[in-house]
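As structure tokens, the structure follows; a few thoughts come after it.
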Amino acid sequence: MAIKKKHINDFISLNNKKTKSSKPKQNRIYFQIVLINSTFATYLYKNMSFLKEIQRRRTFGIISHPDAGKTTLTEKLLLFGGAIQEAGAVKNNKIKKGATSDFMEIERQRGISVSTSVLAFNYNDKKINILDTPGHKDFAEDTFRTLTAVDSVIVVIDVAKGVEEQTEKLVAVCRMRNIPMIVFINKLDREGKDAFDLMDEVEQKLGLTVTPLSFPIGMGYDFQGIYNLWEQNINLFSGDSRKNIEETIAFSDVQNNPELDKIVGQKAAQKLREELELIDEVYPKFDRQDYLDGKLQPVFFGSALNNFGVRELLDCFVAIAPSPRPKDSETRLVDPTEEKMSGFVFKIHANMDPKHRDRLAFIKIVSGTFERNKPYYHVRQKKNLKFSSPNAFFAEKKEIVDISYPGDIVGLHDTGNFKIGDTLTEGELMSFKGIPSFSPEHFRYINNADPMKAKQLDKGIDQLMDEGVAQLFTLEMNNRKIIGTVGALQYEVIQYRLEHEYGAKCTYENFPVHKACWVKPNDPKSEEFKEFKRIKQKFLAHDKYGQLVFLADSDFTIQMTQSKYPNVKLFFTSEFE
Ligand code: G4P
């Protein structure tokens, strides 16, 4: 139950009544009122602190094209939060370029990404949860799912390379969900594109509406610092890289203050004045509500490596970024302030040690408090589960935690109960929306290479699909299994893990599919749908949840099919209602 104004009014009116009850015969009533009052005060106090806990949480993800500086920025943010003591403590969790066949690299990645899946720290009384998003494009699906668990994102862009392909894809997903975004333009210590050209590029390629909240004074060799429009000050770049040194000068009236010329030189001062004038004319004023609604994206400039512009970014982030937001379920909108716990699984991580088959399911708390040893209802499996050692994450450590709040991520040890997208509640039959599958880009038949291990193969495939490593489609016609992935790397990961964790062997065979389209007929009994099923029989399959999928070999086929069967709708994601 969320705190309502009525409760507070009741509380106040009870207090007023208390002062009137002075006669001895009213003592009994008086004590009853005191009792009710103190119970209510405890309730109110508990709820106030619950609300405070929600409001101080900031759960977000950093997205970028590989090499733009996501890892470096994450590390600098952790340094500010005092969560780590020195640079280099956050291990780089990206797969090295060209390492597609290096299984040790895959294993290394899996190991490291458990510890960096969630990085939590406190800063200015705020609890910050950074959710890691793999940069490698073959793991894009993982990143898409993680984006269902964030309340906002920071987009990192390399000043020299501008907007790159992976950033475009990820921002498109954020835009679809109206996730508030802040843009950080990184590597200002290097020569790069003109700041205005870059902001144009961001608007055009990413479809955003930006407004700068900081602006560089010079760039590369001439980089002198940043004018912070948000805080109205100048941060001078010391050039003493990798040390946390910078000079901040409060500076409000840039246009008329002659001090600016003394600080940055006449030429740079003149240029900055012109640029700020242009910003004033061309870009919208920052409006927090527009940012929260996903309609306006503030831009910061800096150099993560030199720890420059990062504090400004963090200070603004904690001030404007949203605390946990309501989330849509299939039946209703769930508010974080609701008393009853609810949450959903957005990531499953297999144990690194093949001898222990248990996994870690990452659950985002949407409402209420998640308590250790309390039974929660697993909606899909229709059963109660208790968790004696839920993990919370702090910097790069994980520890057992008794209570977690909305916005927090809890890691639950799992022996095969969870699938990605599962919902936990306190009994309510409700499932959260928003973990759709996207059409994979590669498709291959999977064959059993060791007939004695058929069971192991089936179990392995099943569990790996639950983890979201890839998607499984079963052909309607002959029950043959097809694995769909975002990148070719996953086939090697699956083959390797089937062998090392399940003792099963597999081979692949090409299957020429361009896209998987989820099928929804307007009328399942119509002649049109029956004909569609008969004609397309060879290309129809079921996904893991039993939904009908049409495996199309080209965009042309999709177009032709749509025009021939207008009442049979085709969708490129599994969630379309
Ligand atoms: P990613 O997670 O987005 O993939 O990027 P990451 O932080 O690993 O950074 C990619 C490369 O860019 C790294 O160099 C990193 O040091 C560098 N970098 C990050 N921020 C800045 C910056 O502000 N200025 C400059 N000049 N470089 C920056 P690397 O040589 O690939 O790795 P390393 O040997 O430095 O670790």
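The values are calculated or read from the model by the stated rules, or taken from the named source; none is laboratory data. None of these values were measured; they are calculated from a predicted model. Note that each Cβ is placed from the backbone with ideal geometry, even for glycine, and that neighbours are counted across all protein chains shown.
Numbers at a glance
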{"quantity": "Check on GLY368, touching a strand residue (DSSP E or B) at 6+ places or on another chain (Cβ under 9 Å), at positive phi, in contact (Cβ under 8 Å) with a residue 60 or more places away in the chain and not hydroxyl-bearing (Ser, Thr, Tyr)", "calculated": "no"}
{"quantity": "Count - residues of the range 382-394 that are surrounded by fewer than 19 Cβ atoms within 10 Å (Cβ to Cβ) and touching a residue at least 40 places away in the same chain (Cβ under 8 Å)", "calculated": "1"}
{"quantity": "Near pairs, Cβ below 9 angstrom, 6+ apart or cross-chain, from the range 270-299 (assigned by the TED database to the domain that holds PRO212 and in contact (Cβ under 8 Å) with a residue 12 or more places away in the chain) to any residue that is aromatic (Phe, Trp, Tyr) and in a helix (DSSP H, G or I)", "calculated": "GLU275/PHE196; LEU278/PHE196; ILE279/PHE196; GLN297/TYR291; PRO298/TYR291"}
{"quantity": "Filtered residues of the range 303-321 (kept if away from the ligand (no atom under 16 Å from the Cβ) and crowded, with 19+ Cβ neighbours inside 10 Å)", "calculated": "CYS316, PHE317, ALA321"}
{"quantity": "Residues of the range 461-503 that turn out to be touching a strand residue (DSSP E or B) at 6+ places or on another chain (Cβ under 7 Å) and hydroxyl-bearing (Ser, Thr, Tyr), as a count", "calculated": "3"}
{"quantity": "Qualifying helices (runs of 4 or more DSSP H) (wholly inside the range 65-180; at least 1 residues being at pLDDT 90 or above and within 19 Å of the chain's Cα centre (by Cα))", "calculated": "70-80, 165-176"}
{"quantity": "Residues of the range 355-365 satisfying the condition of being touching a residue at least 40 places away in the same chain (Cβ under 8 Å) and over 28 Å from GLY61 (Cα atoms)", "calculated": "ARG357"}
{"quantity": "Inter-residue pairs, beta-carbon under 8 Å, first assigned by the TED database to the domain that holds ASP132 and within 6 Å of the ligand (Cβ to nearest atom) and in the range 68-81, second modelled with pLDDT of 90 or more and part of a helix (DSSP H, G or I), 6+ apart", "calculated": "ALA68/THR167"}
{"quantity": "Every residue from the range 181-195 that is hydrophobic (A, V, I, L, M, F, W, C) and either out of contact with any Leu (no Cβ under 9 Å at 6 or more places or on another chain) or at pLDDT below 95 (or both)", "calculated": "LEU188, ALA195"}
{"quantity": "Residues of the range 250-288 classified as outside any helix (DSSP H, G or I) and over 25 Å from PHE317 (Cα atoms), total", "calculated": "5"}
{"quantity": "Top-ranked residue in the range 395-447 [being within 25 Å of VAL469 (Cβ to Cβ) and of a type in the set (S, T, N, Q); ranked as surrounded by the fewest Cβ atoms within 10 Å (Cβ to Cβ)]", "calculated": "THR415"}
{"quantity": "Some residue of the range 235-247 being at pLDDT 85 or above, assigned by the TED database to the domain that holds LEU79 and touching a Leu at 6+ places or on another chain (Cβ under 9 Å)", "calculated": "no"}
{"quantity": "Test: residue in the range 444-452 that is in a loop (DSSP other than H, G, I, E, B) and either over 21 Å from THR146 (Cβ atoms) or among the hydrophobic types (A, V, I, L, M, F, W, C) (or both)", "calculated": "yes"}
{"quantity": "Subset of the range 285-302 (residues that are away from the ligand (no atom under 16 Å from the Cβ) and either within 11 Å of ILE185 (Cβ to Cβ) or not charged (D, E, K, R) (or both))", "calculated": "PHE286, GLN289, TYR291, LEU292, GLY294, LEU296, GLN297, PRO298"}
{"quantity": "Qualifying residue in the range 250-260 (condition: modelled with pLDDT of 90 or more and more than 16 Å from the ligand (Cβ to nearest atom))", "calculated": "no"}
{"quantity": "Residue in the range 419-431 that is within 28 Å of LYS169 (Cβ to Cβ), among the β-branched types (Val, Ile, Thr), in contact with a strand residue (DSSP E or B) (Cβ under 8 Å, 6 or more places away or on another chain) and assigned to a strand (DSSP E or B) present", "calculated": "yes"}
{"quantity": "Residue among ILE494, ILE446 that is under 23 Å from ALA361 (Cβ atoms) and in contact (Cβ under 8 Å) with a residue 12 or more places away in the chain", "calculated": "ILE494"}
{"quantity": "VAL159 within 12 Å of the ligand (Cβ to nearest atom) and either assigned by the TED database to the domain that holds PRO216 or hydrophobic (A, V, I, L, M, F, W, C) (or both)", "calculated": "yes"}
{"quantity": "The range 185-222: number of residues that are within 16 Å of the ligand (Cβ to nearest atom), hydrophobic (A, V, I, L, M, F, W, C) and either part of a helix (DSSP H, G or I) or within 28 Å of the chain's Cα centre (by Cα) (or both)", "calculated": "4"}
{"quantity": "Residue check for ASP142: acidic (Asp, Glu), over 27 Å from ASN235 (Cα atoms) and within 14 Å of the ligand (Cβ to nearest atom)", "calculated": "no"}
